[in-house]
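Derivation of every value follows stated rules applied to the coordinates shown; laboratory data play no part. Predicted model only: the values in this text are computed from it and were never measured. Cβ atoms come from the backbone with ideal geometry, glycine included; neighbour counts cover every protein chain shown.
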């Protein structure tokens, strides 16, 4: 089976202010119709996200992140191993994204992407209902989107 080129995967909840960062970016980039790029959205994590990655050469995941030592709007490029100790998005019955990817690499290595990159932006508010991002995050969205497109084109 021939693998597809690139998947851009926006993760988050577009109804919880900054938690929608990944979805907002994915929708904006989808509108640009980049050749060889499929764009998907997910509100889940773990196994569901890993299954979406199957049969792609490269996957770029865009999401909000919340790390106490970072400022809202800060943009980070992360790798799989950066998530090995996270539990974000996991239910008590699920697994985190790092564990799901490791499971995919173990059970279906030929179908997993060769490269998975995470582009994340530090969120300020992920609990208030609203479809708009906070001021600092919204101001950095164009730069975030440009960084994601740059990563896709690598």
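Between 68, 113, 14, where does the largest GNM mean-square fluctuation fall for the chain, given springs only between Cα atoms within less than 10 Å? In this elastic network of the chain, the residue with the biggest mean-square fluctuation among 68, 113, 14 is 68.
Cβ crowding within 10 Å, taken as a proxy for footprinting-reagent exposure, orders 50, 76 from fewest neighbours to most as 76, 50. What does the C-alpha gyration tensor say about the overall shape of region 23-70? Classify as rounded when a/c is under 1.5, otherwise prolate if a/b is larger than b/c, or oblate. It is oblate, given that a/c is not under 1.5 and a/b is not larger than b/c.
Ranked by how many other Cβ atoms sit within 10 Å of their own Cβ, fewest first, the residues 119, 21, 75 fall in the order 75, 119, 21.
DSSP beta bridges fully contained in the chain are about 20 percent antiparallel. Taking the C-alpha atoms only, the angle from helix 135-153 to the longest principal axis of the chain is near 20 degrees.
Using only alpha carbon pairs under 8 Å that are at least six residues apart, calculate the relative contact order of region 4-153 and give it in whole percent. It comes to 34 percent, rounded to a whole number. Between 81, 69, 143, which gets the highest mean-square fluctuation from a Gaussian network model of the chain, Cα cutoff 10 Å? With Cα springs under 10 Å in the chain, the top fluctuation among 81, 69, 143 is at 69. Mean-square fluctuations from a GNM of the chain, with a 10 angstrom spring cutoff on Cα atoms, peak among 144, 129, 66 at 129. Helix 97-107 axis versus longest C-alpha principal axis of the chain: approximately 10°, rounded to the nearest ten. When each of 58, 154, 4 is scored by the number of other beta-carbon atoms lying within 10 Å, the sequence from fewest to most is 154, 4, 58. Going by a ≥ b ≥ c, the root eigenvalues of the Cα gyration tensor, does the chain fall in the rounded group (a/c under 1.5), the prolate group (a/b larger than b/c) or the oblate group? Oblate, because a/c is 1.5 or more while a/b does not exceed b/c. Against the chain, whose longest principal axis comes from its Cα atoms, helix 21-30 is set at around 70 degrees. Report summary: the helix-based calculation at 222 nm, which adds -39500 (n - 2.57) for every DSSP H run with n ≥ 4 and divides by the residues of the chain, gives -9500 deg cm²/dmol.
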